[in-house]
Amino acid sequence: MPGALPVGAPWPKDNQLNRAPGTRSFHAYVHVPFCEVRCGYCDFNTYTAKELGGVSQATFHQHLISEIAFSKKVLGEMPALSSVFIGGGTPSLFTAEQIGAVLESLGESFGLASDCEVTLEANPESTTEEYLGEIVEVGITRVSMGVQSFDSQVLQTLDRQHDPERVAPLITEAKELGLVTSVDLIYGAPGETLNSWSKTLSEALALGTDHVSAYSLIVEPGTKLARQIATGEIGPTSEDLNAEMYEHATQRLEGASLEWYEVSNWGKPSEHNSAYWKSQNWWGYGPGAHSHIDGNRFWNHKHPTSYQKALSDGAPAAGIERLTDRQMLEEQLLLMLRTEWGVERELFAKLEVPPELVAQEIAAGNLELSGADCIRVSRKGRLIVDGLVVKFLSH
Amino acid sequence: MSPRAAKALEPSQTPADLIRNFCIIAHIDHGKSTLADRMLQLTGIVSDREMRAQYLDRMDIERERGITIKSQAVRLPWELEGQAFALNMIDTPGHVDFTYEVSRSLAACEGAVLLVDAAQGIEAQTLANLYLALENDLEIIPVLNKIDLPAAQPEKYAEELANLIGGDPDDCLRVSGKTGAGVAELMDLIVKRVPAPTGDSDAPARAMIFDSVYDSYRGVVTYVRMIDGSLKPRENIQMMSTRAVHELLEIGVISPEPIATKGLGVGEVGYLITGVKDVRQSKVGDTVTTKTKPASAPLKGYAEPKPMVFSGIYPIDGSDYPDLREALDKLRLSDASLVYEPETSAALGFGFRCGFLGLLHLEIITERLEREFGLALIATSPSVVYHVRKDDGTELVVTNPSEYPDGKIAEVEEPMVKATILAPKDYVGTIMELCQTKRGTMMDMQYLGEDRVQIRYRLPLAEIVFDFFDQLKSKTQGYASLDYEDDGFTVGDLVRVDLLLQGERVDAFSAIVHKDKAYAHGVRIAGKLRELIPRQQFEVPIQAAVGARVIARETIRAIRKDVLAKCYGGDITRKRKLLEKQKEGKKRMKMVGRVEVPQEAFIAALSSDDSKAAKK
């Protein structure tokens, strides 16, 4: 089952947000909450047909379109969209027509920038070469393939259904169609060895994609995998082995000229992912989707049924929080320190972090100066960056 | 019999022969607070609407743990055969650590209700308190509680009680605090059997302070029992031990909320407020008299309770030190047994070495300091008092293991206790085994009835202060009960075991243990610390050592990964909430050298695995 939503204040009745001024770019996330089966490790907000209870996949895009109209009413004039990301779930379960209708609606409401990055998350098992051709026609410019692993044993542990052989022809076709390509990988599944991970990396690199995301498996409470590990049916994960796998991935990916830009991301930076780290503005459409607009974070009702109802009753949001100035600064440190861009030196001063603490971490080789005004995490420090942030902020 | 006196007697105008002062002696869990609740309801001083469980237990800790820590004195109106009476019920704690509070309450009464669970029978602690009550010449009213329980065996335990205090098993009243059955009969019996207080109403005033609490709005609230004479508002009163004079701003009774009165007369129980803020000016056991007509001799005070267990208490944030001092000063007002003096630790900075009556007392004090005063604290591993004689003949009293001298020791003496354990006979073997491992010597064993046994052991106090009671409970499925008393000092073969983090001795982890147990202790503590101290950015070696000899070692490997791979589809809120939680956790860490040590490591390292399992 999906993880719980945060607790926040109720959505304002007058649909007016109290917005902090700024010059943020604007982005859209579109959530497609469907999967054919639920994978054992997944705690994302997605539902199989039998969990949906009266929500139709074939007409679901119409609800997304009404939320786009709602967001237009709330936001008014916005800069043209710099990126759109259609995620899930399994967005490739939507037909190209459905995707096209959503993109058209976004374009009509806010306009798409000329270089707008439009990504679709796709799973190898629900994608065909023909389908890729169709989505290019409706405006997709980038495809992110949920490969996870090339080791069939690992795929089985993760409950993934696809045949790893299917990946290469799909990526080849995507490239021929002019799409920017990315693959998602997961390492650290119980039973996976460093050797197996190394083979997965080789296969992924052989695809020659523009971008690779490599995430360590997180065993989320409440998932089938967490239960299997608790009962001993599946062995435990090891954070130390995960660390080794991460370091190995770093060497392999950077060796193949995929430059690191965020803890788990390498290659041509995704416009959309970067928007999250840089606290740009984005509206998340669909059940359980999260938005950030000028210091307001809000999130939609989780289940498609309650989402649909809330939307038709007025507003889809289940909660909202207005960030304080201090929280915005803390988030900036938390998020930007994950990236190659790092943070400005003066952010530490604004957060009253003693300079000695920062100096200590530079001396320990976890942080480095990048130019005179910027501090960023070193290769060594990437793996402990959350710990560093806690240390700086709990002083 | 009536549920409530038609006209309650007015405090200060009540003749002594219409007053009954009584307390309830009971083992923890035997239902004293529930019985008290029923009395409050039955006498009508608390309406059904206002009623809540354990009404008299004021502190959060008391309600949560289901134990009474502080005494309470409540005035209850009652009518018997057309005559109104005023009954003062003095609530008493029931845990082995708080015997001193019981003694104080007993001295304010003429009678005691001996309350025993009809499904469990009398326990060691109750026996000890019964003994104290008999020493104070109190009239004892035996009562069996919880007769509504299916497992109740009132006949069996009435017999047991009759054997203990004499009399007929049929005289033992049967009540249920839960249903209220028999409670009215008990009230009648208290009026009939408990003697009225005696005292000279014309003599100079003498009031015994039996408890004293600090109230942040009203200052010091002092609970007294009038022995002779009377006190009135606006009078100048004098504390006989210090000669300090205060104006009596308010005087009254508790029923069960404070009610100001025109005074207190002979035999009455109530409270005084003088506006005093300094806690040490209202000492438990002192005698209050008036300035204009002072009494010539004070009442016999209480024996000052002796601390048995010592622990260093340190603020996690060094700048909280003055707040900690103030908080201790306030707690001490209502807890005469709490003693403390400043000390310094190389690892922990400035703090206080505090003396406690037992481990529960330590836990409660640290919990109250944290909760009521908002302090984040570290309590070091508890220690007892050692008498050390060095080769050169100098003698030391050591309450802090880190002060235990290195080498050149001629002799060490450790405190001993006489422990009385009551349990069903099936557990005798288990109990003996436990006492043997704790270096105990059996004194005697006797059967109390057909299946209950009283076993007495002489044990080193150090062996029982940590987790003996928990182990005893878990090994006997909760059936055994324990009481212990001081039994002097005995020479022991003891050594100091030190713990080193990154090669540096951490004084707060030092412990004094028997030589034969040093190795096991070292291995266990080093292992515990490895579990409790989180991985740091660098490797942390842990060593246990006796003198220069290392007896155990462990290593906490450096942390390799401390980052979340993913931000869930823009759910930054979730990530920030996690950060906030981690920040809170970090605040409960103490820097020892370069190593972050969590608060719980300081005390949890000392409890055994057995007791930990039992608590769960």
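Below is a table of values for the structure above.
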| read-out | value |
| --- | --- |
| Values of log10 I(q)/I(0), in the order q = 0.16, 0.19, 0.24 Å⁻¹, for region B:323-375 under a Debye, Cα-only, solvent-free model | -0.45, -0.64, -1.01 |
| Compactness of region A:26-277, expressed as Rg and Dmax over alpha-carbon positions, Å | 18.5, 55 |
| Ranked B:473, B:32, B:590, B:300, criterion: other C-beta atoms within 10 Å, fewest first | B:300, B:473, B:590, B:32 |
| Spread of Cα-to-Cα distances over 5 Å intervals beginning at zero, given as percent, for region B:308-465 | 2, 8, 15, 15, 14, 13, 11, 10, 7, 3, 1, 0 |
| Calculated log₁₀ intensity ratio I(q)/I(0) where the Debye formula runs over C-alpha points of the protein assembly as shown, q = 0.04 Å⁻¹ | -0.30 |
| Diffusion coefficient, µm² s⁻¹, Stokes-Einstein with Kirkwood Rh over alpha-carbon pairs of region A:325-395 at 4 °C and 1.567 mPa s | 110 |
| Built amide H within the under 5 Å cut-off of residue A:25, gap 5+ | A:281 |
| Taking chain B and dividing mean pair separation by its residue count, relative contact order in percent (alpha carbons under 8 Å, at least six apart) | 10 |
| 18 Å tail of the calculated P(r), region B:490-550, as % of Cα pairs | 33 |
| For residue B:537, distant residues with modelled amide H under 5 Å away | B:559 |
| Chain B - convex hull of alpha carbons, volume per residue in Å³ | 185 |
| Cα extents of region A:69-167 along the three principal axes, largest first (Å) | 50, 26, 21 |
| Environment charge at residue A:167 (Cβ cut-off 12 Å; Lys +1, Arg +1, Asp -1, Glu -1) | -4 |
| For region B:152-212 versus region A:219-256, the gap between their alpha-carbon centres in whole angstrom | 66 |
| Alpha-carbon centroids, region B:340-407 and region B:230-283: separation in whole Å | 35 |
| Three principal axis lengths of region B:122-199 [C-alpha, angstrom, descending] | 45, 27, 22 |
| Using distinct alpha-carbon pairs, which all enter the 1/r mean, Kirkwood radius of region B:352-425 in Å | 15.2 |
| Alpha-carbon Debye profile of region A:198-301, log10 I(q)/I(0) at 0.10, 0.18, 0.22 Å⁻¹ | -0.44, -1.03, -1.08 |
| Per residue Cα convex hull volume in Å³ - calculated over region A:252-350 | 114 |
| Solution diffusion estimate, µm²/s, Stokes-Einstein, region B:515-587, Kirkwood Rh from C-alpha pairs, 37 °C, viscosity 0.692 mPa s | 218 |
| Calculated P(r) tail over 13 Å for region A:229-289, as whole % of Cα pairs | 73 |
| Amide H contacts under 5 Å for residue B:174, placed H, 5+ residues apart | B:144 |
| Between region A:64-137 and region B:417-494, the Cα center-to-center distance that results, in Å | 75 |
| Region B:182-272, Rg to Rh (Cα coordinates; Rh as Kirkwood inverse mean 1/r) | 1.03 |
| P(r) tail fraction, region A:1-101 - alpha-carbon pairs more than 21 Å apart, % | 49 |
| In order through region B:217-234: 3J(HN,Hα) via Karplus (6.51 cos²θ - 1.76 cosθ + 1.60), integer Hz, x for Gly, Pro | 8, 10, x, 7, 10, 10, 9, 10, 10, 6, 9, 10, x, 8, 10, 10, x, 6 |
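Every read-out reported here was derived from the displayed coordinates using simple, explicitly stated rules and does not represent laboratory data. Everything quoted here is computed from the prediction, not taken from an experiment. Cβ sites come from the backbone with ideal geometry, for glycine too, and all protein chains shown count toward neighbours.
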